[in-house]
Amino acid sequence: MSAPRPADRPSTPRWRGISFAERMGTVDFRVGARAHITVDAEVCRSCTTRACVTACPANLFTPTADGGILFNYEECFECGTCYMVCNHEGALTWTYPDGGHGVVFHHG
Amino acid sequence: MAEVTEVDAVVVGAGPAGSAAALALARAGRSVVLLERGPFPGSKNVYGGVVYGRVLDGIVPRWWEEVPVERWVVRRSTMLVTPTQSLSVDYRSAAWGEAPYNGMTTLRCHFDAWLAAKATDAGARLVTSTVATGLVRDGTGRVVGVRTDRAGAEVHAPVVIACDGVNSFLAKEAGLLPPAAASHHTLGVKEVLDLPAGAINERFGVQDHEGVDVEILGCTRDIPGGGFLYTNADTVSIGVVVALPQLAASGVRPEELVADLRDHPGIAPLLRGASLREYAAHLIPEGGYDTMPELVSDGLLIAGDAGAMTLAAGLWLEGVNFAIGSGDAAGRAAAGALAAGDCSAAGLASYRADLEGQFVLADHKRLRKAPALVLSERVQQRYPGLLCDLAEGMFTVTNPTPKPGGLRLTRQVAAGHGVRLRQLAGDTLRGLRIFG
Ligand SMILES: Cc1cc2nc3c(=O)[nH]c(=O)nc-3n(C[C@H](O)[C@H](O)[C@H](O)COP(=O)(O)OP(=O)(O)OC[C@H]3O[C@@H](n4cnc5c(N)ncnc54)[C@H](O)[C@@H]3O)c2cc1C
Ligand code: SF4
Ligand code: SF4
């Protein structure tokens, strides 16, 4: 079971045109069975920057009430931003999805 | 035992670099496998964008007669903005609308597939939906192939060309790229918006098949970066490119920056009624010449974004042409090394020399200081507002108060933005030295 999609963030209110879920709904994802990125929420608990929460363009990192991070790999652009900005050793494992799976851009 | 395929060369990544490399090898009569992790070439790739096609002159004669183009760019604008102002330098050229053209807007799923088909037509074997998961080395440490995620199947060859793009895990595994270097990368986020061709023609002042390229500075709040707006046939591409560490520290979501741009008073009227077709994001290796890895080692060549070859020097955002130029050179160097029976680093060394002799490394070397200047605090945070206010001071009629003198106005406006005339002059000179 994968985590539910995070609720729309208040920082992107509807009046900017479109909700975040609608935004991601424009993208074609061929979701693979394997989670190609995993997050160790225990390591994230000690993180003060929360760099991934701000920078992930797909908004896949959601802080939880208990100080951890909820992550869902399914609607990922495979861009690499999260592992580049995270400076906590061991917080993330990052691979590409298995061949043929993951995001498919039609207007890249 | 894993299945092993033996060929003369393996190229990883069917982006522009990989397809150009595979094409050169196939034309030299070599057996070449071109691996692509996406279901088709271009499916994983995102850019602005505009492709500058002249690099294709020597590769596909009269390429403009067959390339999948959206519009030929005949107008190029550079726009400096504050939240309420904009100042544009707009250049239009009739010559850019005729063969051999200058830039074209095109979408990557079309363009990358077209170039990959050139490679397969010449005899390269394209294998899609397959990830190269690592390098295979012989006892001496030299690269002799790649592993894949297809039931562990391996492809062995005396030479591997890594064209696996910005995150190049092959170059990282070879120790040529650092595991992560956020400060050398920018994040591009893009929206493709539906807009009827007729509306594009009217609003941007162009005819069918003619396109516009707009680069925007001053639109990314406190985060170093810039924006872009390109016209396609019946869509427009709008987005921002922002420095990763500062984005991460800003607390501002990337899609908000695109929304800022879309809502800007100088841009919103152009996009009225347009609706989101596709949202996308991708990294850019923006550090330039000084952050490029070694491009050659035993049995291995690196080309395109895997080698940090995007020229992102503010006024320019060119990567596809650099990928094609370097991929083609890598393919030719590999073919030469195969013919000579020596795919060691020494045998492949002609690759680097070739790149230095043509635009790929010559442009990067000349513009090596440009990324730092364009992303500097004054250029990012002060000059767009300063120049907009200068224009406002020049063109606002304040009767009965007489017009201010140019020098006094400049000094006043500069001081208002915390810039001294000496600094302004110094940066102008620095800019002329870097770009001149
Ligand atoms: C927002 C943005 C705007 C840009 N604007 C422009 C522009 O207007 N004009 C311009 O010229 N350039 C632009 N660029 C830069 C340009 O996109 C790149 O320089 C160019 O795509 C590099 O080509 P490449 O072949 O080296 O890499 P890529 O195009 O990234 O191709 C790499 C390929 O390798 C595949 N791959 C990766 N790893 C593996 C693996 N392990 N196994 C199998 N396959 C793999 C990928 O799926 C991909 O197809 C822009 C980039 C961005 C992000
Ligand atoms: S993934 Fe990294 S940046 Fe994100 S919360 Fe965890 S430790 Fe912090
Ligand atoms: S790779 Fe990009 S889209 Fe995917 S989780 Fe990381 S930052 Fe988000």
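What follows draws every value from the coordinates through simple rules; no lab data is involved. Because the structure is a prediction, the values reported are computed rather than measured. Note: ideal-geometry Cβ built from the backbone for every residue, glycine included; neighbour counts use all protein chains shown.
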**Q.** Tail beyond 30 Å, pair distance distribution of the protein assembly as shown (Cα, percent)
**A.** 51 percent
Q | Contact order relative to length of region B:50-176, as percent, for alpha carbon pairs under 8 angstrom and 6 or more apart | A | 18 percent
Q. Does region B:295-368 come out rounded, prolate or oblate, given a ≥ b ≥ c as the square roots of the eigenvalues of its C-alpha gyration tensor, rounded meaning a/c under 1.5 and, failing that, prolate meaning a/b above b/c?
A. prolate
**Q.** Relative contact order %, region A:30-97, counting alpha carbon pairs below 8 Å whose residues are six or more apart
**A.** 47 percent
(Q) Quick query: amide H of B:HIS185 versus all other amide H atoms, modeled in the peptide plane; which residues come in under 5 Å with a sequence gap of 5 or more or a different chain? (A) B:LEU244, B:GLU286
Q. Which cross-chain or sequence-distant (5 or more) residues have an amide H under 5 Å from the amide H of B:THR5, H modelled 1.01 Å from N in plane?
A. B:GLU154, B:VAL155, B:HIS156
Q.
Which of rounded, prolate or oblate describes chain A when judged by the alpha-carbon gyration tensor and an a/c cut-off of 1.5?
A. oblate
Q) Taking region B:260-392 as the region of interest, what is the percent of Cα-Cα pairs per 10 angstrom bin, listed from the shortest bin to the one with the maximum distance? A) 11, 29, 25, 19, 10, 5, 0
Q) How long is the gain from B:LYS365 to B:ARG411 if the chain were fully straight, where each residue apart is worth 0.36 nm and the alpha carbon distance is subtracted? A) 13.1 nm
**Q.** trypsin sites (Lys or Arg not before Pro) restricted to DSSP loop in region B:180-238 with at most 13 other C-beta within 10 Å
**A.** none
Q: Return the sequence-ordered ³J(HN,Hα) values of region B:283-291 in whole Hz as given by the Karplus equation 6.51 cos²θ - 1.76 cosθ + 1.60 applied to θ = phi - 60°, using x for Gly and Pro.
A: 8, 10, x, 9, x, x, 3, 6, 10
Q | Inter-chain Cβ neighbour average for residues B:277-286, partner chain, 10 Å | A | 6
Q: Mind jotting down the three principal axis lengths of region B:217-294 based on Cα atoms? Whole angstrom, largest first.
A: 46, 29, 20
Q. Over all residues in B:249-257, what is the mean tally of Cβ atoms on other chains that come within 10 Å of each residue's Cβ?
A. 5
Q: For region B:42-103, state which trypsin sites (Lys or Arg not before Pro) are in a DSSP loop and have at most 14 other beta carbons lying within 10 Å of their beta carbon.
A: B:ARG62
Q. Loop-only check: which trypsin sites (Lys or Arg not before Pro) in region B:380-436 are DSSP coil with at most 12 other Cβ within 10 angstrom?
A. B:ARG420
**Q.** Anchor B:LYS403: aspartates and glutamates whose Cα lies under 14 Å away (excluding residues fewer than 8 positions away in-chain)
**A.** B:GLU392
Q. What number, in percent, do you get for the relative contact order of region B:358-436 if the mean sequence gap of Cα pairs under 8 Å and at least 6 apart is divided by its residue count?
A. 41 percent
Q: May I ask which residue of A:CYS79, B:SER77, B:SER19 lies farthest towards the positive end of the charge dipole of the protein assembly as shown, with charges of +1 (Lys, Arg) and -1 (Asp, Glu) on Cβ and the Cα centre as origin?
A: B:SER77
(Q) Tell me the mean residue ellipticity at 222 nm calculated for the protein assembly as shown from its helices only (DSSP H runs of n ≥ 4, each -39500 (n - 2.57), averaged over every residue, nearest 500). (A) -8500 deg cm²/dmol
Q.
Restricting to Cα atoms and excluding each atom paired with itself, what does the Kirkwood estimate give for chain B in Å?
A. 22.9 Å
(Q) If neighbour count is taken as other Cβ atoms inside 10 Å, put B:SER183, B:SER350, B:SER326, B:SER86 in order from fewest to most. (A) B:SER183, B:SER350, B:SER86, B:SER326
